[in-house]
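Report on the following structure.
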Amino acid sequence: MSSDTTAKPQVPEPCCFVIFGVTGDLAHRLVTPALYNLAEAGLLPDDFCVVGVTRTEIQSQSLHDDLMKALQQFATRPIDKDVAKKLFDCVSAVHADPSEEGSFDRLKARLDELAKRGVKNHLFYLAVPPTAFKPICDELGRTGLLQEENGAWRRLVIEKPFGTDLTSAKQLNHDLLRIVEEHQIYRIDHYLGKETVQNILVFRFANGMFEPIWNRNHIDHVQITVSEVLDVGRRGSFYDATGAMRDMVPNHLFQLLSLVAMEPPSRFDAHSVRSEKGEVLAAVQIQTPEEALNNSVRGQYVAGRVGDKQIGDYRNTPDVDPLSVTETFAAMKLTIDNWRWAGVPFYLRTGKALTSKRTEVAIRFKQAPFSMFRATEVERLSQNYLVIGIEPTEGITLQFNTKVPGPTVAIDGVEMGFKYRDYFKASPSTGYETLIYDCMIGDNILFQRADSVEAGWQAVQPFLDAWAKAGGEGLALYRAGTDGPREAHGLIERDGRRWRRLNGS
Ligand code: BG6
């Protein structure tokens, strides 16, 4: 994510893109189409090659065909045969399994061979389940493949989950940092691949007019919503062990929170931006178990209709414990202990099988100190929200009050809006292009650093502990296709505030 507004994007140095889990869902659905889109945009180096690491022995030609099929299935744009041919001609397969002693030596031999042909830089992309992170990294470490020498770089890309709680996140960071240095690690959170999420930084810091009002003097509260219509579907075994909090909050929702709440970085570089994001997450107040229970609601869906789809009880999902108390909805109230935000609540909510797909950050400004317009029904007055829409509408909306034309002073709320699609024509993408490109040019602004991963877990740990202790008690059921459990309304309404509606504006 370069800060230069005029320069043509730089083409990365020659590199070898090594994918673990190359025949899996992530590699097929996102990584392959993203590489194709980069190739089509001329943003892959001329000397570029893909090495797919497989746990069973397969021929390079079969891998080539497999990736071509994946591209045909998941491409976001029409496929140009020449571009695809050039991309896949450089694919080769290596059979290496960390549980087979010495098998990574084969990978090393292949990479050494490529280095002799001038492709000295290696990007290791771990598109594998988290249990495989450590065994793979240990082997990469043993074979010296992560060692940067003679000006060649080595980068390691991993996907969430970065641990399942504070202790495991610390352990993972510790294990990784024994083998590689922090600057070599690229922890991907796909939310940061979204243009509108990246735009929060630009919106706040490239426009002078918002900063003076971006604080507790003018902001009443902030609402962060990620609601999904999707149910758990075939992900039962992963989801039942994870739940809405672990799946969404310390990663995706906290990315949104940190971009909205961080202090202005002194420079637009990875160190400054990531330090400010880490600082604000570390300032989220750590709640006691009682506070955590009082300031949160967890819910689980029961059968209902989402659009025209009938969804069954969460507990009847394949691979889910029939007595499961895992939450599919989480809402919480957080505060940030610093001068900018003291006293401003941040309300977060996320859930599955809800009435609509909506991802947004809504900043509610304080009302005018008194109303001169007493004749106006209060519900007609707009709530002075600034809404950063991420899905389904990508854009920014400002709501304010205005006079209704006519001889009397009647007031109504109106909206001023910017929609991305009205101004910019972007080719459809997977959202991974920027992230993969940034890994190749070595820009880690958009990637999480160890300290902010740990700060995120630290802030949610009291909720996880309190919920684990309470078991089924306090788990609120909600009907699929609604806006979540009634109790979630109670959480915000007791403070005299209201959630924004999930349907409509
Ligand atoms: C993933 C979660 O990280 O994010 C999924 O594991 C969730 O459960 C998804 O559905 C949501 O992403 P998006 O981009 O659709 O909001």
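Taking every protein chain into account, the accessible area of the chain amounts to 46 square angstrom per residue (probe 1.4 Å). Using a 1.4 Å probe over the heavy atoms of the protein chains, calculate the carbon and sulfur portion of the accessible area of the chain as a whole percent. Carbon with sulfur: 51 percent of the solvent-accessible area.
Model label sites at residue 479 and residue 410, defined 7 Å from Cα along the beta-carbon direction, differ in position by 3.5 nm. For a paramagnetic label modelled on residue 83 (point 7 Å from Cα along Cα→Cβ), amide N atoms under 11 Å away belong, within segment 18-41, to 34-41.
Applying a DSSP loop filter and a limit of 16 other Cβ atoms within 10 Å to the chymotrypsin sites (Phe, Trp or Tyr not before Pro) in segment 130-228 leaves 153, 210. Qualifying trypsin sites (Lys or Arg not before Pro) in segment 74-126, where qualification requires a DSSP coil assignment and no more than 15 other C-beta atoms within 10 Å, comprise 117. Beta bridges per DSSP, both residues in the chain: antiparallel share near 55 percent.
How about segment 414-472: which trypsin sites (Lys or Arg not before Pro) there lie in a loop by DSSP and see at most 11 other Cβ atoms within 10 Å? Write down the numbers at each step before the final one.
Details: sites: 419, 421, 425, 449, 469; in loops: 425, 449.
Hits after loop and neighbour filter: 425.
Evaluated at q = 0.06, 0.09, 0.10 Å⁻¹, the base-10 log of the normalised Debye intensity for the chain, with identical point scatterers placed on the Cα atoms, takes the values -0.31, -0.69, -0.85. Computed FRET efficiency, Cβ-Cβ of residue 76 and residue 313, R0 25 Å: what is it to the nearest 0.05? Computed FRET efficiency for residue 76 and residue 313 comes out at 0.10.
At a Cβ-Cβ separation cutoff of 4.7 angstrom, cysteine residues of the chain with no neighbouring cysteine are 15, 16, 137, 439. Pairs with C-alpha atoms separated by more than 29 Å, drawn from the list 85/116; 160/277; 170/194; 8/160; 170/419, are 8/160; 170/419.
With a/c under 1.5 counting as rounded, go ahead and sort segment 425-486 into rounded, prolate or oblate using the C-alpha gyration tensor (a ≥ b ≥ c being the square roots of the eigenvalues; past the cut-off, prolate if a/b is larger than b/c, else oblate). Oblate shape, in that a/c is at least 1.5 and b/c is the bigger or equal ratio. Relative to one another, the C-alpha centroids of segment 273-292 and segment 89-130 are positioned 39 Å apart. In plain terms, the chain from residue 46 to residue 303 could stretch by 87.2 nm, reckoned as 0.36 nm per residue minus the Cα-Cα distance.
The values are calculated or read from the model by the stated rules, or taken from the named source; none is laboratory data. Owing to the predicted nature of the structure, the values given are computational and were not obtained by experimental measurement. Backbone-built Cβ (ideal geometry, glycine too); neighbour counts: all protein chains shown. Accessible surface areas use protein heavy atoms only, side chains included; no ligands, DNA or RNA. Shrake-Rupley method; radii C 1.70, N 1.55, O 1.52, S 1.80 Å.
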